[in-house]
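Beneath this line is the structure, given in structure tokens, with notes to follow.
The values are calculated or read from the model by the stated rules, or taken from the named source; none is laboratory data. Everything numeric in this text was worked out from a predicted model, so none of it was measured. A quick note on method: Cβ atoms are made from the backbone with ideal geometry, for glycine too, and the neighbour counts reach across all protein chains shown.
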Amino acid sequence: MSDERPEQLTTTEARAGATPHVTRYVLGVGLALVIVLFAIIYLFAAT
């Protein structure tokens, strides 16, 4: 058996790239559009 310890990586090194927060904006805009779309469908279906 080897007494060598496995290499330890920091969080940034393990991630190996930038982490932009674009996903939260895409999810927020998509949710808002779905709510608006359902509201429009409800208003026109009720008449």
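Results, tabulated for the structure shown:
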read-out	value
LEU31 vs. criteria surrounded by 10 or more Cβ atoms within 10 Å (Cβ to Cβ) and under 15 Å from the mean Cα position of the chain (by Cα)	yes
Checking LEU9 against (1) surrounded by 10 or more Cβ atoms within 10 Å (Cβ to Cβ); (2) assigned to a loop (DSSP other than H, G, I, E, B); (3) under 15 Å from the mean Cα position of the chain (by Cα), the condition it does not meet	(3)
Residues (modelled with pLDDT under 85 and surrounded by 10 or more Cβ atoms within 10 Å (Cβ to Cβ)) located in the stretch 13-28	ARG15
